[in-house]
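Asks: Okay, here's the structure, questions in a sec.
Quick note: the coordinates plus some simple rules give every number you see, no bench work behind them. Everything numeric in this text was worked out from a predicted model, so none of it was measured. When we count neighbours, we look across all protein chains shown, and the Cβ atoms used for this are built from the backbone with ideal geometry, even at glycine.
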Amino acid sequence: MDSLLIKGGVPLCGDVTVSGAKNAVLPIMAATLLTAEKCVIRRVPDLSDVGFMAQILKSLGAEVKVDGDTVTVRAAKLKPVGDYELIRKMRGSICILGPLLGRQRKVRVSLPGGCVIGTRPIDLHLKGMKCLGAALKIEGGYVDAKAKRLIGADIFLGGRAGPTVLGTANVMMAAVLAEGVTTIESAACEPEVVDLAFFLSKMGAKIVGAGSPTITITGVKELAGVEHEVIPDRIEAATFAIAAAATNGEVTIHGARPDHMHAVLDKLKDAGVKVERKGLTLTVKRGGKLKPIDITTMPYAGFPTDVQAQIMVLMALTPGLGIITERIFESRFMHVSELSRLGADISIEGPSAIVKGGQPLSGAPWLATCGHRQLWSSRDSRPRERRRSTAFIIWTGATKRLIKNLRAWAAGFNVWIRNEDLNQYHHRVRGGLCRLPCF
Ligand code: UD1
C-alpha cells in the first residue's frame, strides 16, 4: 500500500486496543540474535518495519516465523553479513550491530542513510562499540566491526541532542556478552529501552538502572531463549487520543500505558482535551473549547518528537497561536508544508513552528512523511453544503488494522486504499468493493 484516499470531516468515535510498541519490538527482535535458542515475542504490531526486521534476521541465517502478533526467532547459526539493501532501507536495522558484535565478535552492517527528519548519524553507536574494544572500519557503505574480546567500559553516550535511544540499545546488547562491567552514562530513559533491558534480563543478562541515565551491565557468558510480550505503543495511543480531540469525537483506548504518557496527557489537558483514565483505559474527547499551547520536544520523559506532527494538527485546528519547538531532529518539519496545502497557517522560525490555528482546512493531495503510521482527520466546521472533503494524512506505513478502526469509528469517514496493479483506489462497502481510478 503506498497511498490512501480519505474522505474526512466527521468525528471519530469508538474503541481501540493499542498495539505493541514499534520502537520496542525492533531492538527486541535484534536481541534474539544473542542466543542460539528459540525466542518468542508477543504483541508484535503489524507494520512494514517489523516485516523488514524479520527479513533482515532471515538474511543473517535465523529462522523466523510470524503468526498473527507472535514472532518466533531461532538464530541457531548466523552469518556475519546481512542483506545490504534490506538493512539500508530501515534506520532501525542499525540495532543488529550490538548483538552481532556481542555474539560473534564480528559484524558487517550497511550504514543506515539519513532520512527526511535529519541526518541521523550513528557516531554514538560506533563510539560505544569502540569503547568496548571493537576495531571499526567504514568502507563501501558498510561498517565493519570486530573484536577479539569485548571488555566492559565506562561509556558516555550523550550527544548534541541528548541521549540516543537505539545507541543505548546497541551498546547494552553488545555489553551483555562482554567481559566485566559496563556503565552507560547519559543513557536514554525511554520505556522501550526499559522493555529491551527486561527482555535481556529474562535471557540471563545482568542489567541495573534501565530507565535512568546510568545503566550498569555485568557481562555473562551466554544467554537463553525466552518469551516476552512487548509494551503497548505510547506513540500510537497518543495518536488515537489526539485524533479524537482533533475531530471532536470520543475514543476509548484500551491497553495503554498512561504511566508512559505523562508529558502528552499533561499537554492535552492544557489544550482543553478531557482524558478520563481508568487503569489501562483512556477515554478522550474535547472538554470544551480547544486552547493553543506551547510544546518543546525532548528525550523521555519530555514531550516525544514522534508525537510532534500529531499535536501540530491539533494546534492547526485550535484558534490562537500555538508554538511547537523541535529539539531532537533538526528537519522534522516536513509535514508543515503538507499541512499548509490543507489551509493551515504555520511558519517556521528556527527550531520552532508558529501555528496560527483555526483556519478552515480542506482536503488536498498529501505527501506522507517518514514512515509513520498516523492518520488524521479534522472536523470541518463550515455548513454541510460548503464542506469539502477534509483531512487526511497518510503515512506510508498505515496499518490495515488502523484503517479498519477508522472506518468502524466514523460512518462516512471513507478510507480508500490504492492498488498499484489495478491503478485504482478501492473501498470495501456493504455488498462489495467500490473502485475509483487513481489520479
Ligand atoms: C528512536 C526512535 C524514533 C524516535 C527517536 C527519538 C526507534 C526505532 N526509533 O530513533 O522513533 O524519534 O528515537 O526519540 O526506536 N544522534 C547522534 N548520534 C548518534 C545517534 C543519534 O547525534 O549516534 C542524535 C540524532 O541525530 C538525534 C538524537 O541524537 O538528534 C536522538 O536520536 P536517537 O535517540 O538516536 O534516535 P533513534 O534511536 O534513531
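Asks: Check the straight Cα-Cα distances from Lys269 and name the aspartates and glutamates below 13 Å, setting aside those fewer than 8 residues away within the same chain.
Replies: Qualifying aspartates and glutamates at Cα under 13 Å: Asp294.
Asks: Figure the gain on full extension for Lys202 and Arg42 (residue separation times 0.36 nm, minus the Cα-Cα span) and round it to one decimal in nm.
Replies: Details: separation 160, 0.36 × 160 = 57.60 nm, distance 1.45 nm.
Fully extending the segment from Lys202 to Arg42 adds 56.2 nm.
Asks: Is there a pair in Lys79/Lys221; Lys89/Lys291; Lys22/Lys65; Lys65/Lys285; Lys65/Lys137; Lys89/Lys356 whose C-alpha atoms are over 28 Å apart, and which pairs would that be?
Replies: Working: Lys79/Lys221 20 Å; Lys89/Lys291 40 Å; Lys22/Lys65 18 Å; Lys65/Lys285 39 Å; Lys65/Lys137 33 Å; Lys89/Lys356 36 Å.
From Lys79/Lys221; Lys89/Lys291; Lys22/Lys65; Lys65/Lys285; Lys65/Lys137; Lys89/Lys356, over 28 Å: Lys89/Lys291; Lys65/Lys285; Lys65/Lys137; Lys89/Lys356.
Asks: Reachable aspartates and glutamates from Lys289, Cα under 16 Å, same-chain residues fewer than 8 places away excluded?
Replies: Within the straight-line cut-off, Lys289 pairs with Glu250, Asp270, Asp380.
Asks: Is the C-alpha gyration tensor of the range 93-195 telling us rounded, prolate or oblate? Criteria: a/c under 1.5 is rounded; beyond that, a/b larger than b/c is prolate, otherwise oblate.
Replies: oblate
Asks: Another question, then. In nm, to one decimal, how far is the modelled label at Arg257 from the one at Asp294, with both set 7 Å along Cα→Cβ?
Replies: My value for the distance between the label points is 3.1 nm.
Asks: Oh, and also: Taking R0 as 25 Å, what FRET efficiency do you get between Asp123 and Ser331 from their Cβ-Cβ distance, rounded to the nearest 0.05?
Replies: E(calc), rounded to 0.05, equals 0.90.
Asks: What number do you get for the range 22-218 when its Cα radius of gyration is normalised by 2.2 N^0.38 Å, N = residues?
Replies: Normalised by 2.2 N^0.38 Å, the Cα Rg of the range 22-218 equals 0.92.
Asks: How big is the Cα convex hull of the range 9-67 in projection, averaged over all directions, in nm²?
Replies: 5.4
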